[in-house]
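Visitor: Have a look at the structure that comes next, please.
The values are calculated or read from the model by the stated rules, or taken from the named source; none is laboratory data. All values reported here derive from a predicted model rather than from experimental measurement. Cβ sites come from the backbone with ideal geometry, for glycine too, and all protein chains shown count toward neighbours.
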Amino acid sequence: MSDLLTVLISAIVSLVIGALSFLASKWQTEKQLQQAQLGKILEKRIEAYPKLWAIHIRYETNWTMENKPKDLKWVENYLLELNDFNVENGLFFSQELYGKFFELRQYLLTAKAQTPKGKLVETALAQKIRDAVYGSEGRAGLSTILKDDLGSYRSAALQQR
């Protein structure tokens, strides 16, 4: 009887260890696949995000520094470049970045609808556009989110919400 009990206990222990090994192996494989996928997404972001950054530098930073008029033509060109960029690269945005990107486009669409040809974008609306890019009152703008997504401002390279 004790030999049978020993065999039974050994079999149960073997089954439990086998099941735990299987689960650990499955978990490890899933994590490796997830890391590989996130690595590829990060590579695409590293390629795409500087192009988005350049659009904001051109239409917000440099435009402001050069005292160029933020008129209807500015809005149309800014919006066109953002939309073209989105078609090619929007798939790789984090959800947080896409939300802020959408907010910026909404402000630009509002400016396009409200700004008569030859007139400047309303000052408050131009400020909302700038704030969407650079942030304000403790809220992150597109520029900060871009850097966060690339790991510049946090220890983890990618965030998951």
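Visitor: Any residue at all in the range 40-59 that's exposed (fewer than 10 other Cβ atoms within 10 Å of the Cβ) and part of a helix (DSSP H, G or I)?
Guide: To start, the set of residues in the range 40-59 that are exposed (fewer than 10 other Cβ atoms within 10 Å of the Cβ) comprises none.
So far as the range 40-59 goes, no, none of its residues is exposed (fewer than 10 other Cβ atoms within 10 Å of the Cβ) and part of a helix (DSSP H, G or I).
Visitor: Tell me, please, whether a residue that is more than 40 Å from the chain's Cα centre (by Cα) and hydrophobic (A, V, I, L, M, F, W, C) can be found in the range 17-24.
Guide: There is at least one residue in the range 17-24 that is more than 40 Å from the chain's Cα centre (by Cα) and hydrophobic (A, V, I, L, M, F, W, C).
Visitor: How many residues are free of Cβ contacts under 8 Å to residues at least 12 places away in the same chain, over 24 Å from the mean Cα position of the chain (by Cα) and surrounded by 12 or more Cβ atoms within 10 Å (Cβ to Cβ) when one looks only at the range 115-138?
Guide: Matching residues across the range 115-138 total 1.
Visitor: A further question follows. Evaluate the following for K68: is it in a loop (DSSP other than H, G, I, E, B), out of contact with any helix residue (DSSP H, G or I) (no Cβ under 6 Å at 6 or more places or on another chain) and either at pLDDT 95 or above or under 12 Å from F92 (Cα atoms) (or both)?
Guide: Considered against the rule, which asks whether it is in a loop (DSSP other than H, G, I, E, B), out of contact with any helix residue (DSSP H, G or I) (no Cβ under 6 Å at 6 or more places or on another chain) and either at pLDDT 95 or above or under 12 Å from F92 (Cα atoms) (or both), K68 comes out as yes.
Visitor: Okay, next question. Looking only at the range 87-99, decide whether some residue is over 14 Å from the mean Cα position of the chain (by Cα) and either over 15 Å from V133 (Cβ atoms) or crowded, with 19+ Cβ neighbours inside 10 Å (or both). Break it down stepwise before answering.
Guide: Within the range 87-99, the subset over 14 Å from the mean Cα position of the chain (by Cα) is 87-88.
Checking which are either over 15 Å from V133 (Cβ atoms) or crowded, with 19+ Cβ neighbours inside 10 Å (or both) leaves us with 87-88.
Yes, the range 87-99 has at least one match.
Visitor: Moving to a separate point now. If N83 satisfies all but one of (1) within 30 Å of P116 (Cβ to Cβ); (2) modelled with pLDDT under 90, what's the number of the condition it fails?
Guide: (2)
Visitor: Now, a different point. Which is within 30 Å of L120 (Cβ to Cβ), among the hydrophobic types (A, V, I, L, M, F, W, C) and under 14 Å from the mean Cα position of the chain (by Cα), of L42, L52?
Guide: On the way: L42 fails: within 30 Å of L120 (Cβ to Cβ).
Unique residue meeting the criteria: L52.
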